[in-house]
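The values are calculated or read from the model by the stated rules, or taken from the named source; none is laboratory data. No experiment lies behind these values; they were computed from the predicted model shown. As a convention, Cβ positions derive from the backbone with ideal geometry for all residues, glycine included, and neighbour counts pool all protein chains shown. Ligands, DNA and RNA are stripped out before the accessible areas are found, and what is left, the full protein with its side chains, is counted by its heavy atoms. Shrake-Rupley method; radii C 1.70, N 1.55, O 1.52, S 1.80 Å.
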Amino acid sequence: MKKKSKSSALFIFIIAVIGFLAFAGFKGFVIGGYEFKSFDKVITRGLDLQGGVSVLMEIQQDKVTKEELESTKEHLSLRVNKLGVAETIVTTEGEKKIRVDVPGRTNSKEIVDSLGQSGRLSFKGPDGQEILTGTDVKKATAQLNQQEGGYEVGLELNNEGTVKFAEATGKFVGKKISIYIDDEMISDPVVNTQITGGNASIQTHGTLEDNKKLAGMINSGALPLPVKAVSVDNVGAELGVTAFPNSVKAGCIGILLVFLFMIINYRVQGLMANIALTLYTTLTLFVFVEVGVTLTLPGIAAFLLTIGVAVDANILIFERTKEELKKGFTIKAAVKKGTENALSSIVDSNVTTLLAALILYSMGTGSVKGFAITLMIGIIISLFTGLVVTKLLVNLAVDSGLIKKVSHFGVSVKKGAEKHA
């Protein structure tokens, strides 16, 4: 009785937690002046769901290094952000191309003209006077500070830049020299001492990625590469207005049909699977928010596909459990053996799908990458909910007495031949 009470209490607690997470995610709430926003307010939507402009820029140079490609990407990102556009997505494609997706905008000419300009790098003193330009800087590199630890950006100047910088740093010791791309300040380090050797360091106190980004922007301004728009796509907002609600409606209908199928075929055990699928759906959307996934129509398709993958794992376990019950095993033994027998098939199928998603991500571009990312996230979470959560819920339901007949698994037996836990 004590074990039954503990199992019942834990089962109710887990259901309550899942219910709260689902309510918070899909409905949102306000408590103490703090608003917990629902998924539809915080998940970023792609151009196909809200309209906008997609521009594919190509570097007009025969050979482009990976560093030059990344530097140009950071430069274009900085430039398009000056337009005041939120949620802009800038990604590299191939060896020379960069795609810029600008949601909510329709003036493609303004965006293309802005992206096509070369950025101008300048170092300015506290008096506003220009000290260096991009022609004075050889390169910038993210590096480790050997003395104090942490990361910084190392600057290498040419001969003319060395002379200018030595004079300026001698004049402005203890003051700031600001770095600009066009009129956008990207850093304002303090001069600690006069720098005469042509090599300087910018101590940002940031992460390695932060320093790589700053170095990339300096390089893109110091060594501008000509870029040209090779493709411009305008996506009308009307499409997004229609596509998103229809996608959500189709997804809800599909999930509801899956829930009904599981209950009809697997009864109470199917209900446990539906609870786990509710958690799977909620967790996946929470992860989308945290990692900044941009939801597109292919992404929605991948998300719904992973729901099928999650259900498939449950079906394999449940069918194996049915087989063991028909052999005459008790409910506890059948549940245990059903999970063990289905484990290899579940892992094999999910690993295969995960490898396919990795290949799509590494070789694909644009929406294909989005599909692959969504698929990978869904597979990983579905393994957790299918192998851990569903198993835990079924075991707790058995221990608490909620599941105590083989008919609760959808197994038909002759009257009087029920096998109890």
In straight Cα distance, which aspartates and glutamates are under 18 Å from Lys404, not counting same-chain residues fewer than 8 positions off?
Glu319, Glu323, Glu324, Glu418
Compute a Gaussian network model of the chain, connecting alpha carbons closer than 10 Å, and tell me which residue from Ile43, Ile181, Ile264 fluctuates the most.
Ile264
For the chain: rounded, prolate or oblate by the Cα gyration tensor [a/c cutoff 1.5]:
prolate
Relative contact order of the chain (C-alpha contacts under 8 Å, at least 6 apart) in percent is 20
Set the Förster radius R0 to 30 Å, insert the Cβ-Cβ distance between Gln194 and Lys66 as r into 1/(1 + (r/R0)^6), and round the FRET efficiency to 0.05.
0.30
Over the chain, with a Gaussian network built from C-alpha contacts below 10 Å, which listed residue (Ser344, Ser187, Ser122) shows the highest mean-square fluctuation?
Ser344
Run the helix sum for the chain: -39,500 (n - 2.57) per DSSP H stretch of 4+ residues, divided by residue count, reported at 222 nm to the nearest 500 deg cm²/dmol.
-19000 deg cm²/dmol
In the range 277-382, which trypsin sites (Lys or Arg not before Pro) fall in coil by DSSP and have 11 or fewer other Cβ atoms within 10 Å?
Lys327
Residue among Val90, Val100, Ser407 farthest towards the positive dipole end of the chain, charges placed on Cβ:
Ser407
Under 5 Å between amide H atoms, partner at least 5 residues away or on a different chain: which partners does Ile195 have, H built in plane at 1.01 Å?
Thr169, Gly170
In this structure, among Lys326/Lys405; Lys96/Lys124; Lys138/Lys213; Lys249/Lys391; Lys41/Lys213, pairs with alpha-carbon gaps over 24 Å are Lys96/Lys124; Lys249/Lys391; Lys41/Lys213
Accessible-area ranking of His75, His408, His205, largest first, probe 1.4 Å:
His205, His408, His75
On the accessible surface of the range 16-63, probed at 1.4 Å, how many percent belong to carbon and sulfur atoms?
58
Integer Hz, Karplus 6.51/-1.76/1.60 couplings in order for the range 121-127, x for Gly and Pro:
8, 8, 10, 10, x, x, 8
With θ set to phi - 60° and the Karplus curve 6.51 cos²θ - 1.76 cosθ + 1.60, what are the ³J(HN,Hα) couplings of the range 338-350 in order, to the nearest whole Hz, using x for Gly and Pro?
x, 5, 5, 6, 8, 4, 4, 5, 5, 5, 4, 5, 6
